[in-house]
Amino acid sequence: MHYSFSSASFDVDTVPDWRGRDVALALAVGGALGTALFFLLLPAAALDPKNFQWLMSGDLMQSYVGWHFFRGEPWLLPPGASHYGMEMGSSIVFTDSIPLFALPFKLLAAWLPATFQYFGIWVLVCFILQGVFAWLLACCVTTRRSAQLLLALLLTVSTVMTLRVVGHHALVGHWLILAALLLYLRPPATTVLAWCVLSGAAALVHAYLLYLVLAVWMASVLRRYGWADARQALTEIAAVVLSLLTVMWLAGYFTLPTGSFSGGMEYYGRYAANLNAFWNPDWGSRFLPARPSTPESAFEGYAYLGAGGLLLVALAALLLMVSKAARADAKQHWPLIVVALVLWAIAVSNHVMLDDRVVLEVALPKPLLKMLAMVRGSGWLLWVPYYALLLGSAALLLQCARPRLGIAILLGIVVLQGLDLSPRMLGLRSVFHENIATQTKEWKSPLVSPFWDEAAQRYRTVRFVPARPSAPDYGAFALYAADHGMAINVGRYARVAGSRVGKMNTAQNERLAKGDPDVKSLYVFWTSAEEGPFPVRIGRRDRVDTIDGFRILAPDWYGDSGNAQIRWADDERNKDILLP
């Protein structure tokens, strides 16, 4: 086989402007690719805004319940702030409810159905934009339509993006990463404004996507300014940072103490990427076997390139060895290469794993470890290297090989990729369809007794004892509280101020021990092994009962009648509750 290498450098300035017809094709063809992928994987039921039941489990429940409570609250300052969870609450940011959608939909809350979910719509939008930006990126690499289509397809059918649909919809927004790479390759005339808008949008989706967008932006700053024009670079940095801080304040990022952002130093490395992440298919590959790995790295650090993607990267490595033009092409993008390597290093963490064993542990200074703990899901940082590898390898192939040969090879790679990933995509389709259908049919609130409606007329707050993030059945109670205009002292969040929770429990338990419960609060008891028994003093007017399986204390329920009833004091399940 004869190869012919081009002497032209891969410089975006050599590629004609794509703002006209290419944008229309990106919207039409790229959007069609994303839409087709969505309906290949998910049922149309996910788009029904009134169907929230399929979201009522795991991280999806966290996101939906956070939004449902937020929509019914009055506007606070900052606008993203929320009283959901009371002392342990913070803002719509930390329930992963996608502020980019939550804030505008809250403006329309009065015209929305009583139950309204936008998460299926969000995922569809993400798939469409994935295809759109994949096409625009392909236009930065080649002017040949067939090659653009093949490369757009390769980038749209992303293993790392589709996996996030399993349980974390905010992180499906990989189009933000592709948009960042597009701005890196083809900075527009309004570059600073574009980066301000993109970083702000990322902040309104998820903090991890913001980290990745900012990383590509720094590569863009280095590429455009180098070390020669520090003043312009600093001006752009100041503009982007100030605009970003404004957006973050509006969204409610700063409603938590700064120390709460890390989430605990012990988490860094737990959800790290494995050294085998790029070639470990885990499950669903037609050609490659799964590699051993820890459960956390297998899922959170998943970044399988696919058999076609691996072949493409191998060909690019070969081109780098035999072609000066290829090396010149790669060299001009050293800022992105450096950023990708740094992200990869943070992703694998200081507990470096190969397969199912730790091969290297690096002791880090405590201040650095505390800073890195902000990215406790460090495996997600592989997403920029993942897309950069595929895009850069395709660019080298199409720039260095003869046009027809390059397109033929890319076609073979895409076919190989499709064959390799087809079991995985069909498996994901089965999982999504089954889970959505099952949850839609089977989830029902456990709060069925008429007692709850009556209690909502008497009390303004639901208080769990003890108060803990992710308390059992917090979702059903949070929906109940939101629907009745009540506050609730529990929830589930990406980050929580532990000191606030501790103070809340201390004050709450002291009042219960003294027989001085808040007469405007309905108490729901649960205990964990760590809590142990704690005293509760019951007054003659208080009702203590088990309703729908939940142990409750309803202060002053009987009023002046003084007819206290205690129905669960002798229940074996309640031996951890002491009633003096």
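The values are calculated or read from the model by the stated rules, or taken from the named source; none is laboratory data. Quick caveat: nothing in here was measured; it's all calculated off a predicted structure. A quick note on method: Cβ atoms are made from the backbone with ideal geometry, for glycine too, and the neighbour counts reach across all protein chains shown. Just so you know, the surface numbers come from the protein's heavy atoms only, side chains and all, with ligands and any DNA or RNA stripped out. Shrake-Rupley method; radii C 1.70, N 1.55, O 1.52, S 1.80 Å.
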Under the 7 Å Cα-to-Cβ spin-label approximation, Leu242 and Ser445 lie apart by a distance in nanometres of 4.8 nm
Per residue, what volume in Å³ does the convex hull of the Cα atoms of region 410-565 enclose?
-> 172 Å³
Rounded to the nearest 500, what is the 222 nm mean residue ellipticity of the chain from helices alone, with -39500 (n - 2.57) per DSSP H run of 4+ residues and division by all residues?
-> -16000 deg cm²/dmol
Rounded to a whole number, what % of the accessible area of region 169-267 do carbon and sulfur atoms account for, probe 1.4 Å?
-> 73 percent
Starting at the first residue of region 97-111, write each ³J(HN,Hα) from the Karplus equation 6.51 cos²θ - 1.76 cosθ + 1.60 with θ = phi - 60°, in whole Hz, x for Gly and Pro.
-> 9, 6, x, 4, 9, 4, 5, x, 5, 5, 4, 9, 4, 5, 9
Determine the share of region 39-109's accessible area contributed by carbon and sulfur atoms, expressed in whole percent, with a 1.4 angstrom probe.
-> 69 percent
Could you work out how far helix 498-513 tilts from the main Cα principal axis of the chain, as a 0 to 90 degree angle to the nearest 10?
-> 10 degrees
Region 243-301: spread of alpha-carbon positions along the three principal axes, whole Å, largest first, is 48, 26, 15
Taking the Cβ of Gly308 as the center, what net charge do the other residues with Cβ under 14 Å away carry, scoring Lys and Arg +1 and Asp and Glu -1?
-> +1
Write down Rg/Rh for region 24-138, rounded to two decimals, with Rg from the C-alpha atoms and Rh from the Kirkwood relation over Cα pairs.
-> 1.04
Please label the shape of region 232-360 as rounded, prolate or oblate, based on the square roots a ≥ b ≥ c of the eigenvalues of the alpha-carbon gyration tensor (a/c under 1.5 means rounded; beyond that, a/b larger than b/c means prolate, else oblate).
-> oblate
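Rounded to the nearest percent, how much of the accessible area of region 337-415 (1.4 Å probe, protein heavy atoms only) is carbon and sulfur? Intermediate results must be reported in sequence, preceding the final value.
On the way: 2500 of 3480 Å².
Ligands and nucleic acids excluded, carbon and sulfur give 72 percent.
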Semi-axes in Å, largest first, for the chain (Cα gyration tensor, √(5λ)) are 50, 24, 23
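In Å², and per residue, what accessible area does region 106-168 have when probed at 1.4 Å with the other protein chains present?
That works out to 28 Å² per residue.
Nearest 5 is fine: what % of DSSP beta bridges in the chain come out antiparallel, could you say? Provide the component values of the computation, followed by the final result.
Working: 13 of 24 bridges.
That works out to approximately 55 percent antiparallel.
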Once amide hydrogens are built 1.01 Å from N within the peptide plane, the residues lying 5 or more places from Met353 or on another chain with amide H under 5 Å from its amide H are Leu275, Val359
Modelled FRET efficiency - R0 45 Å, Ala230 with Val166, Cβ distances, 0.05 increments | 0.50
Over the chain, what relative contact order in percent results from Cα pairs under 8 Å that are six or more residues apart?
-> 18 percent
Relative intensity, log₁₀ I(q)/I(0), of region 137-277 from a Debye sum that treats every alpha carbon as a point, q = 0.12, 0.13 Å⁻¹ = -0.63, -0.73
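Per the Kirkwood formula on distinct C-alpha pairs, the Rh of region 211-258 is how many angstrom?
Final number for the Kirkwood radius of region 211-258 is 12.0 Å.
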Positive-pole candidate from Met321, Thr294, Thr255, dipole of region 250-330, charges at beta carbon = Met321
To the nearest Å², the heavy-atom accessible area per residue of region 251-330 with 1.4 Å probe amounts to 43 Å²
Amide H proximity to Ile488 below 5 Å, modelled H, separation 5+ or other chain, gives Gly85, Met86, Val462
Read phi for every residue in region 405-417 and hand back ³J(HN,Hα) as whole Hz from Karplus 6.51 cos²θ - 1.76 cosθ + 1.60, θ = phi - 60°, with x for Gly and Pro.
-> 5, x, 5, 4, 5, 5, 4, x, 5, 5, 5, 4, 4
To the nearest 10 Å², what's Lys520's accessible area with a 1.4 Å probe?
-> 110 Å²
Taking a ≥ b ≥ c as the square roots of the eigenvalues of the Cα gyration tensor, with a/c under 1.5 meaning rounded and otherwise prolate when a/b exceeds b/c and oblate if not, region 470-514 is oblate
What's the FRET efficiency of Lys50 with Met321 using the Cβ-Cβ distance as r and R₀ = 45 Å, to the nearest 0.05?
-> 0.20
Assuming 0.692 mPa s and 37 °C, estimate D for region 330-419 with Stokes-Einstein, Rh taken as the Kirkwood radius over Cα pairs, in µm²/s.
-> 209 µm²/s
Formal net charge of residues neighbouring Pro292 (Cβ-Cβ distance under 12 Å; K, R +1; D, E -1) | -1
With a sphere of radius 11 Å drawn around the Cβ of Leu512, what net charge do the other residues whose Cβ falls strictly inside it have (Lys, Arg +1; Asp, Glu -1)?
-> 0
With a 1.4 Å probe and every protein chain left in place, tell me how much accessible area Glu454 has, in Å² to the nearest 10.
-> 90 Å²
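I'd like to check one number: the per residue accessible area of region 338-477, probe 1.4 Å, reported in Å² as a whole number.
It amounts to 45 Å² per residue over region 338-477.
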